[in-house]
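Below is one structure; the comments refer to it alone.
The values are calculated or read from the model by the stated rules, or taken from the named source; none is laboratory data. This one's a predicted model, so the numbers in the text were calculated from it and none came from an experiment. Neighbour counts run over all protein chains shown; Cβ positions are idealised from the backbone, glycine included.
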Amino acid sequence: MRPISKRQFLKSMAATIGSSSLLSMVDLERLLAHTTHLSPTALAERDDFWETIRTSYTVTPDFIQLENGYFSLAANPVLEAYIQHVREVNAVSSFYMRTRQADDKLASRKALARMLGCSDNELIITRNTTESLDTVIAGLDWKAGDEAVMAPTDYGSMLDMFTLQAKRHGIVNRMVTVPMHPQSDDEIVQVYERAFTPKTRLLMVCHMINVTGQILPVKRIVEMAHRHGVEVMVDGAHAFAQLDFAVGDLGGCDYYASSLHKWLGTPLGAGILYVRNDRIRPLWQLFGDASFADDDIRKLNHTGTHPVATDLAILDAIRFHEAIGIQRKSARLRFLQRYWTDRVRGHPNIVLNTPEAPERSGAIANVGIKGRAPAELAKTLLDTYRIFTVAIDGAGVRGVRVTPQVFTTTAELDAFVKALHEIAS
């Protein structure tokens with residue numbers, strides 16, 4: 001009997017899984033074992049492989065889901081594990097909370113710290129990026145006249161917290177405009193540097209800007225800020241588990257935060273906060289908790305009784321994520337974004353609010369149509385074409401944010417491109 005080729009194996013797996021509509025972790029690992037000869041870039045273009053990955057997800061048939069940046073559905077193996085965790089914890093209730101909770105949460109923290117490339121003594125599990133960064137903003141020992149630097153394209157909840165600190169402590173918030181289509185890293189670094197004064201204490205910067213998908217040169221920005229004695233807080237909501245990096249690659253940033261229900265694929269309501277070891281002691285916790293030392297990051301993590309099944313499912317999400325591999329995943333997400341943006345770039349009535357240079361963006365892109373309000377465009381896409389996006393209209397960005405995931409197909413993006421061309425014409 002002739003041996004089956006790798007291409008035939010992929011087709012066979014796709015047919016088998018398609019009939020059962022469920023890709024198990026065992027199936028996934030078997031599938032990946034037959035793709036080791038392909039580079040991440042080459043595999044990114046193999047629709048047969050990614051259509052098989054799609055069977056790991058229960059994707060709605062009611063519309064094309066292109067708004068995965070807010071909350072992306074968990075893969076079925078993760079979802080089933082999560083439901084089982086809920087049942088098991090519920091069965092023993094307070095016994096679990098008093099005897100097992102801390103050890104299990106530590107195991108999840110250790111796994112996340114390994115992913116980020118830091119010590120588990122520098123990382124805690126939160127509910128989301130907002131909670132993480134607001135913990136830092138509110139925990140600094142601000143004095144009247146202290147200054148913070150940020151951009152209008154930073155996330156609104158953090159901007160609101162800075163506004164609150166200005167009211168409460170008299171700090172000054174300086175806003176800068178990040179160029180949407182920069183010619184170089186220097187251009188971006190200089191925008192932030194020009195806002196600094198001797199009173200600047202903190203810089204907030206996005207790893208990936210949530211409304212446009214632009215990746216910022218964080219390492220260069222951090223190194224510049226540290227030369228001025230300014231601490232840097234990085235919003236990594238859309239970078240962690242999408243981009244291939246470790247926190248050590250970011251120039252020694254002081255604080256880093258992300259949400260795990262976006263790109264890692266945990267159930268809704270999980271995030272991380274990294275605080276560099278030497279920055280832990282000066283931070284005030286939001287809730288009074290005398291059980292931990294001032295230099296113990298757990299002082300910032302008083303969660304009380306909360307849905308612990310989400311914390312448990314983190315390990316399941318990491319297993320699924322690492323089975324695919326960050327390099328394969330990142331390559332596919334970049335491929336999907338370029339797949340559709342390259343087909344509309346240059347149209348006289350279509351405006352792309354995301355840099356063209358491939359290294360400056362990942363999965364997320366933002367597109368507008370001349371003469372169309374973003375909310376109107378999003379409504380037309382949903383009502384007429386059954387394509388779900390989110391309207392962005394502020395901070396100089398006018399368009400809809402488009403966020404594919406690993407389960408997004410090129411056929412769905414073809415439909416999106418066709419819709420854009422029809423609306424623009």
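Observations, loosely collected:
- Checking 317, 313 one by one, the residue that is more than 17 Å from the chain's Cα centre (by Cα), under 30 Å from residue 279 (Cβ atoms) and surrounded by 21 or more Cβ atoms within 10 Å (Cβ to Cβ) is 313 and no other.
- Residue check for residue 303: polar (S, T, N, Q) and in a helix (DSSP H, G or I): no
- Candidates 172, 149, filtered to the one that is within 25 Å of the chain's Cα centre (by Cα) and either in contact (Cβ under 8 Å) with a residue 12 or more places away in the chain or closer than 30 Å to residue 356 by Cβ (or both): 149
- Selection count where residues are of a type in the set (S, T, N, Q) and touching a strand residue (DSSP E or B) at 6+ places or on another chain (Cβ under 8 Å), scope the range 304-330: 1
- Number of the condition not met by residue 297 [criteria: (1) surrounded by fewer than 20 Cβ atoms within 10 Å (Cβ to Cβ); (2) more than 18 Å from the chain's Cα centre (by Cα); (3) touching a residue at least 24 places away in the same chain (Cβ under 8 Å); (4) under 27 Å from residue 231 (Cβ atoms)]: (1)
- Just one residue in the set 243, 333 is outside the structural domain of residue 112 (by TED's automatic domain parsing) and touching a residue at least 60 places away in the same chain (Cβ under 8 Å); that residue is 333.
- Scanning the range 401-425 for residues that are surrounded by 16 or more Cβ atoms within 10 Å (Cβ to Cβ), among the basic types (Lys, Arg) and over 20 Å from the mean Cα position of the chain (by Cα) returns no hits.
- Out of 338, 386, 398, 345, sole residue that is crowded, with 18+ Cβ neighbours inside 10 Å and basic (Lys, Arg): 398
- When residue 269 is tested against (1) of a type in the set (Gly, Ala, Ser); (2) touching a residue at least 40 places away in the same chain (Cβ under 8 Å); (3) out of contact with any helix residue (DSSP H, G or I) (no Cβ under 7 Å at 6 or more places or on another chain); (4) surrounded by fewer than 24 Cβ atoms within 10 Å (Cβ to Cβ), only condition (3) is not met.
- Meets criteria (at pLDDT 95 or above, in the same structural domain as residue 124 (by TED's automatic domain parsing), in a loop (DSSP other than H, G, I, E, B) and closer than 13 Å to residue 115 by Cα) for residue 264: yes
- Looking only at the range 200-228, and only at residues there that are part of a loop (DSSP other than H, G, I, E, B) and either crowded, with 17+ Cβ neighbours inside 10 Å or free of Cβ contacts under 8 Å to residues at least 24 places away in the same chain (or both), the one that is farthest from the chain's Cα centre (by Cα): 217
- Filtered residues of the range 272-294 (kept if touching a residue at least 60 places away in the same chain (Cβ under 8 Å) and part of a loop (DSSP other than H, G, I, E, B)): 276, 282, 283, 284, 285, 286
- Number of residues in the range 229-252 that are of a type outside the set (A, V, I, L, M, F, W, C) and part of a loop (DSSP other than H, G, I, E, B) equals 7.
- The residue list 163, 177, 197 contains one member that is at pLDDT 95 or above, assigned to a helix (DSSP H, G or I) and out of contact with any helix residue (DSSP H, G or I) (no Cβ under 6 Å at 6 or more places or on another chain), which is 163.
- Listed by position, the helices (runs of 4 or more DSSP H) contained in the range 1-105 that have at least 1 residues being at pLDDT below 95, within 29 Å of the chain's Cα centre (by Cα) and loosely packed, with under 11 Cβ neighbours inside 10 Å are 25-33.
- The range 353-378 residues that are closer than 13 Å to residue 397 by Cα, paired with ones that are in a helix (DSSP H, G or I) (beta carbon under 6 Å, 6 or more apart): 365/337; 365/341; 369/377; 369/423; 369/424
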